[in-house]
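Colleague: Here it is, the structure in full.
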Amino acid sequence: MLKILVNSYMRFNKDEIPFYISVPKEDYQLFYQQFHDNPIFLLTDEEITDELITETDNWFTPGYINQEIVKLTFWKKNIAENYFCVDSDSYFIRDFYYTDFMYDEETPYSVLVEDKELCVDPIYYEAYWSSRAISLSKIKDLIGLTDRRSLTCHNNTTFSSKVLESLEKDFLLVNKLSYLDILKISPFEFSWYSFWLQKSNVIPIVSVEPLFKMFHLKEQYLNSCKRKITEKDIS
């Protein structure tokens, strides 16, 4: 999957936006052998944070939680003021530029939606929506965000270092919480970011719809195929 992402990045990246990939230290050589000839920067998770875990007591797998912690702490590397998080099972399908991610030179677009149409899908609702809604409410309650809406996103959005630094200094440290602590409360790193963005107003909020089309279930993808929706249509 990562090869598909990297190839799509090289094909459509018209502004030559730097691409950083983070992998576990034990897997670094494997990925280096595959991608050292590509115009990307390869980092290890351990370079980014020392808060990684090795076990979770029958909870989420360490790999799942560690990738969330890496996303939330990448700002500490001082590589980028704003960075777009893209999962390895995603890929680009059209030309993209800085202006797709940035409203102006300082302000990133923020993906903020409620995705209400998903809860009318009985399969998705039973499998995911109800528990996610409860989990998101925990975040809002804990940080004191009083908004009846749940504006957030599932993945693939731009993180602002200013917002993440505020999350750590003004919330985590004040309440003596670690990144693992908050992810145990609610394992949704993008919602911790987006709700704190709305709570803190550290940067101007310029909201947009999701930049990537996400298929949450195999059935959703197959239904799109039946309707003959193509990548060109989506792009």
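Colleague: Using 7 Å Cα-to-Cβ label points, what is the residue 105/residue 148 separation (nm, one decimal)?
Modeller: 4.2 nm
Colleague: Skipping prolines and chain starts, which residues have an amide H placed within reach, meaning under 5 Å, of the one on residue 206, given they are 5 or more residues away or on another chain?
Modeller: HN-HN under 5 Å from residue 206: 110.
Colleague: A further question on this structure: Using a simple charge model, +1 on the beta-carbon of Lys and Arg, -1 on the beta-carbon of Asp and Glu, nothing else, what dipole does region 159-235 show about its Cα centre, in debye to the nearest 20?
Modeller: Taking the Cα centre of region 159-235 as origin, the dipole is about 320 debye.
Colleague: For the chain, place one equal point scatterer on every Cα, skip the solvent, and apply the Debye formula. What is log10 of I(q)/I(0) at q = 0.08, 0.11, 0.12 Å⁻¹?
Modeller: Normalising to I(0) and taking log10 leaves -0.31, -0.61, -0.74.
Colleague: Quick one: what Rg and Dmax do you get for region 1-128 from the alpha carbons, in Å?
Modeller: 16.9, 46
Colleague: Mind jotting down a quarter of the surface of the convex hull over the alpha carbons of region 161-235, in square nanometres, one decimal?
Modeller: 7.0 nm²
Colleague: Using just the Cα positions, wrap region 135-183 in a convex hull and report its mean projected area in square nanometres, one decimal place.
Modeller: 3.9 nm²
Colleague: Moving to a separate point now. How much solvent-accessible surface does residue 60 expose, in Å² to the nearest 10, with a 1.4 Å probe and all protein chains in place?
Modeller: Solvent-accessible area, nearest 10 Å²: 80 Å².
Colleague: Can you give the percent of C-alpha pairs in region 79-156 whose distance is more than 14 Å?
Modeller: 74 percent
Colleague: Label-point separation (nm) for residue 87 and residue 174, each offset 7 Å from Cα along Cα-to-Cβ?
Modeller: Placing both labels 7 Å beyond Cα along the Cβ direction yields 3.1 nm.
Colleague: By the scheme Lys and Arg +1, Asp and Glu -1, what is the net charge of all other residues having a beta-carbon under 15 Å from that of residue 30?
Modeller: Value of the local net charge: -2.
Colleague: Check the straight Cα-Cα distances from residue 184 and name the aspartates and glutamates below 18 Å, setting aside those fewer than 8 residues away within the same chain.
Modeller: 50, 51, 55, 57, 68, 141, 168
Colleague: Most mobile of 66, 82, 201 per a Gaussian network model of the chain (Cα springs, under 10 Å)?
Modeller: 201
Colleague: Please go through region 184-234 and write out the trypsin sites (Lys or Arg not before Pro) that DSSP classes as loop and that have at most 11 other C-beta atoms within 10 Å.
Modeller: Hits after loop and neighbour filter: 227, 228.
Colleague: So if a site counts as exposed when it's one of the GluC sites (Glu not before Pro), its DSSP state isn't H, G, I, E or B, and it has at most 15 other Cβ atoms within 10 Å, what's the longest stretch of the chain without one?
Modeller: The reported range is 115-235.
Colleague: While we're looking at this one, here's another question. Using amide H atoms built in the peptide plane, which far-off residues or other-chain residues are under 5 Å from residue 23 H to H?
Modeller: Amide H to amide H, under 5 Å and 5 or more residues apart or across chains, residue 23 pairs with 43, 44, 45.
Colleague: For region 42-182, what does the relative contact order come out to in percent, with C-alpha contacts under 8 Å and a separation of six or more?
Modeller: Relative CO of region 42-182 lands at 31 percent.
Colleague: Pulled fully out, how much extra length does the chain show between residue 121 and residue 227, if you take 0.36 nm times their separation in residues and subtract their Cα-Cα distance?
Modeller: 36.4 nm
The values are calculated or read from the model by the stated rules, or taken from the named source; none is laboratory data. Values in this document were obtained by computation on a predicted structure and should not be read as measured data. Cβ sites come from the backbone with ideal geometry, for glycine too, and all protein chains shown count toward neighbours. Surface areas here come from the heavy atoms of the whole protein model, side chains and all, with no ligands, DNA or RNA. Shrake-Rupley method; radii C 1.70, N 1.55, O 1.52, S 1.80 Å.
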